[in-house]
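Peer 1: Below you will find the structure I want to go over with you.
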Amino acid sequence: MKHLLLRLEPVIWLLFGGGIMVGTMLMTAWIAVVGLGAPMGLVPADALAFERAHALGSSLIGRIVLAALIALPLWKGAHHTRHVFIDMGGADRDALVAPVLYLLAIAGTVLAIAAVVRL
Amino acid sequence: MSEKKTFRITRFDPDRDEAPRTETYEIPVDPDWKVLDALNFIKDEIDGSLSHRWSCRMAVCGSCGMMVDGKPTLTCKKALSEYGSEISVEPLANFPVVRDLVVELDGFMEKFESVKPWIIRAKERAVEEGTHRQSQAELEEFKQFSMCINCMLCYSACPVVANEPEFIGPAAIALGHRYNLDSRDEGAHERNEIFRGEGSVFSCSYANECSEVCPKSVDPAAAVNQAKINAVIDWATGFVVTRGKE
Amino acid sequence: MARAAHPDAMKPKSPGRTRTAPPMAPGQFPFAGRYRAYTLFDWTGIIYLLLGFVALRVVWALGNGEGAWQSIQGQLENPLYLAFHILSLVSVIFVGVRFFRLFPKAQPPRIGPLKPPPGPVIQAALYAAWVGVAGGLALVLAGGIF
């Protein structure tokens, strides 16, 4: 397992880098509008009405942006959560913890693609 | 020498002590002293059994690194006046302790050697072909990373070194990266395989603490993270280019 | 009080002639001094994981039709979700600021035939991209454009 993790490290690191770079930029807007603005009534009510939201999300660019917005932060999340375990002294259990976290990110990525395809 | 300062120094005698303990010394200090001068005063005048490493006293030899008030410090470089009336001196963190303030260096030497820190050539150049020529611009690309004095403060500051014993660590990766950037060198692929192997550069999570404590502004964190990018490019190139058997 | 490092930290392959005391971690690690920012940076990983899955839930609901969409919109008004999103916003801004500060010096002097621009230029470009991407997407989502 350790050997496999080492072999996959360049791919994981690229996805992690994407998560921290692109994920952070996209998530800033997502949180501000969908997570906070709309629920607090700070954006016009019809902005995220079903018809409009669905039209935006199901366009080609919309699908790509939404998939990236969901999947990339999962990779930054999985990789850094792995580091949290190591920081807390769990390096000897890394061969168990890391695969679980990355499988979570893989599952989330597959579901993200599914979620935008079925829009 | 009217001012007095109290030093709380870690002591450990492997023949007598179960675990390291702290001993306190109150000594008169000169306003111009460095931390190392105080340690030498204690050893010369108060307690000859105190063990610590030092040599050049001018921040070149890299032997006198210790934790001063909890921070990895080159003791010959830091003025005592920068500290309060009580100062703690401990052996470098993240290293096994041989005695008092002296740490075990062999693990570091092994990591150092593992990155092949020498110029690798596919084919040696014959003497009659003359010397390798390098432009100023080519030198500038790696010069900063060649200024390391092997003081190991970066290893002492690194949270990954503390937790992952295999990690090659800041100074050694910076040195390997320095050769990878050297226009005379042809061993980058070999070293990139080492960088992707056990003790991988990707273990680094960019705490940047190595660079914060580096007394020579080598910026090992920059080197390690540049090495990650180059290791990934080298890995991706492998899918496109067929390399000869190495 | 410092805590112990991994017992094998910086241990040589063959032991020396005398017994050594085990290595200690740097005294301020993980939560004091400058290590605090680094440790928090790693801990934001947990928030990013949750954030990704919350976004997945929202987009999944959008695919389930109008009823599901209105239901998830209502759930997002729950104070727990609001608190989570406030924490998340703080986290992504913290991550962006720290990462974009550390990013320029991580660029090798040459990437293939390319020479990256000077650090301050890279950093300015990153901030411009952040403002552009986040601002643009926020405007679209909030109904300002399109």
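Nothing in this text is a laboratory measurement; each read-out follows from the coordinates by a stated rule. Values in this document were obtained by computation on a predicted structure and should not be read as measured data. Cβ: placed from backbone, ideal geometry, glycine included. Neighbour counts: every protein chain shown.
Peer 1: Count the net charge of all other residues whose Cβ sits under 9 Å from the Cβ of C:PRO26, scoring Lys and Arg as +1 and Asp and Glu as -1.
Peer 2: 0
Peer 1: In addition: So what is the relative contact order for segment A:2-117, in percent, with contacts set as C-alpha pairs under 8 Å and at least six apart?
Peer 2: Across segment A:2-117, relative contact order equals 34 percent.
Peer 1: Evaluate 2.2 N^0.38 Å with N set to the residue count of segment A:64-103, then give the Cα radius of gyration divided by it.
Peer 2: 1.33
Peer 1: Ok, one more. If you build a Gaussian network model of chain B, linking Cα atoms that sit under 10 Å apart, which residue out of B:ARG196, B:ARG53, B:ARG125 swings the most?
Peer 2: The residue that fluctuates most here is B:ARG125.
Peer 1: Something else: Using a cut-off of 19 Å between alpha-carbon atoms, which aspartates and glutamates can reach B:LYS4, once sequence neighbours fewer than 8 places away in the same chain are excluded?
Peer 2: Counting by Cα, and skipping residues close in sequence, B:LYS4 has these aspartates and glutamates nearby: B:GLU23, B:GLU26, B:ASP30, B:ASP32, B:ASP37, B:ASP44, B:GLU45, B:ASP47, B:ASP69, B:GLU82, B:GLU86.
Peer 1: Share of antiparallel DSSP beta bridges in the protein assembly as shown, in percent to the nearest 5?
Peer 2: Of the beta bridges lying entirely in the protein assembly as shown, close to 85 percent run antiparallel.
Peer 1: Still on this structure: Just checking the output field for A:58-66: average partner chain Cβ neighbours within 10 Å of each residue's Cβ?
Peer 2: Averaged over the peptide's residues, the number is 2.
Peer 1: Using only atoms on other chains, find how many Cβ atoms lie within 10 Å of each Cβ of peptide C:32-41 and report the average.
Peer 2: So the per-residue partner count for this stretch is 4.
Peer 1: Write down Rg/Rh for chain A, rounded to two decimals, with Rg from the C-alpha atoms and Rh from the Kirkwood relation over Cα pairs.
Peer 2: When Rh is taken as the Kirkwood radius, the ratio is 1.07.
Peer 1: Net charge within 15 Å of B:ASN208 by Cβ-Cβ distance, Lys/Arg positive one each and Asp/Glu negative one each, not counting B:ASN208 itself?
Peer 2: Summing Lys/Arg as +1 and Asp/Glu as -1 gives +2.
Peer 1: Order the peptides B:218-225, B:43-50 from the highest to the lowest mean number of other Cβ atoms within 10 Å of their residues.
Peer 2: Highest mean packing first, the order is B:218-225, B:43-50.
Peer 1: Net charge within 14 Å of C:LEU51 by Cβ-Cβ distance, Lys/Arg positive one each and Asp/Glu negative one each, not counting C:LEU51 itself?
Peer 2: Summing Lys/Arg as +1 and Asp/Glu as -1 gives +2.
Peer 1: Hey, another quick one. Sort chain C into rounded, prolate or oblate with this rule: let a ≥ b ≥ c be the square roots of the eigenvalues of the Cα gyration tensor; rounded if a/c is under 1.5, and if a/c is not under 1.5, prolate when a/b is larger than b/c, oblate otherwise.
Peer 2: oblate
Peer 1: Ignore the peptide's own chain and count Cβ atoms of other chains within 10 Å of each Cβ in B:11-23; give me the average, rounded.
Peer 2: The mean count of partner-chain Cβ atoms within 10 Å per residue comes to 2.
Peer 1: Same structure, new question: Tell me the trypsin sites (Lys or Arg not before Pro) within segment C:86-121 that lie in a loop according to DSSP and have at most 14 other beta-carbon atoms within 10 Å.
Peer 2: Filter output for segment C:86-121: C:ARG110.
Peer 1: Go through B:LYS34/B:LYS116; B:LYS143/B:LYS228; B:LYS78/C:LYS115; A:LYS76/B:LYS143 and tell me which ones have a Cα-Cα distance over 30 Å in this structure.
Peer 2: In this structure, B:LYS34/B:LYS116; B:LYS78/C:LYS115; A:LYS76/B:LYS143 exceed 30 Å between Cα atoms.
Peer 1: Using a 10 Å cut-off around each Cβ, can you sort B:THR6, B:THR24 from fewest to most neighbouring Cβ atoms?
Peer 2: Lowest to highest Cβ neighbour count: B:THR24, B:THR6.
Peer 1: Still on this model: In deg cm²/dmol, rounded to 500, what helix-only [θ] at 222 nm does chain B give when every DSSP H run of at least 4 residues adds -39500 (n - 2.57) and the total is split over its residues?
Peer 2: -9000 deg cm²/dmol
Peer 1: Taking a ≥ b ≥ c as the square roots of the eigenvalues of the Cα gyration tensor of segment B:1-81, is the shape rounded (a/c under 1.5), prolate (a/b larger than b/c) or oblate?
Peer 2: oblate
Peer 1: Quote the relative contact order of chain C in percent (integer), defining contacts as alpha-carbon pairs under 8 Å separated by 6+ residues.
Peer 2: Once normalised by length, the contact order is 13 percent.
Peer 1: Compute the Cα gyration tensor for segment B:106-240, then decide on rounded, prolate or oblate, letting a ≥ b ≥ c be the square roots of its eigenvalues: rounded whenever a/c is under 1.5, prolate when a/b is larger than b/c in the other cases, and oblate in all that remain.
Peer 2: It comes out prolate by the Cα gyration axes.
Peer 1: Taking the mean number of other Cβ atoms within 10 Å as a proxy for protection, how do you rank C:68-81, A:29-42, B:129-142, B:171-184 from highest to lowest?
Peer 2: B:171-184, A:29-42, C:68-81, B:129-142
Peer 1: Using the Cα atoms of the protein assembly as shown, I'd like the radius of gyration and the largest Cα-Cα distance, Dmax, both in angstrom.
Peer 2: My reading of the Cα-based Rg and Dmax gives 26.4, 85 Å.
Peer 1: Indicate the helices, whole DSSP H runs only, in chain A that combine a mean Kyte-Doolittle hydropathy of 0.5 or more with a Cα extent along their long axis of 20 angstrom or more.
Peer 2: Length and hydropathy pass: A:2-18, A:60-87, A:94-117.
Peer 1: Compute the separation of the alpha-carbon centres of segment A:1-76 and segment B:26-98 and state it in Å as a whole number.
Peer 2: Each part reduced to its Cα centre gives a spacing of 51 Å.
Peer 1: Given only helices, namely DSSP H runs of n ≥ 4 each adding -39500 (n - 2.57), what is the per-residue ellipticity at 222 nm of chain C, to the nearest 500 deg cm²/dmol?
Peer 2: Result for chain C: -20500 deg cm²/dmol, rounded to the nearest 500.
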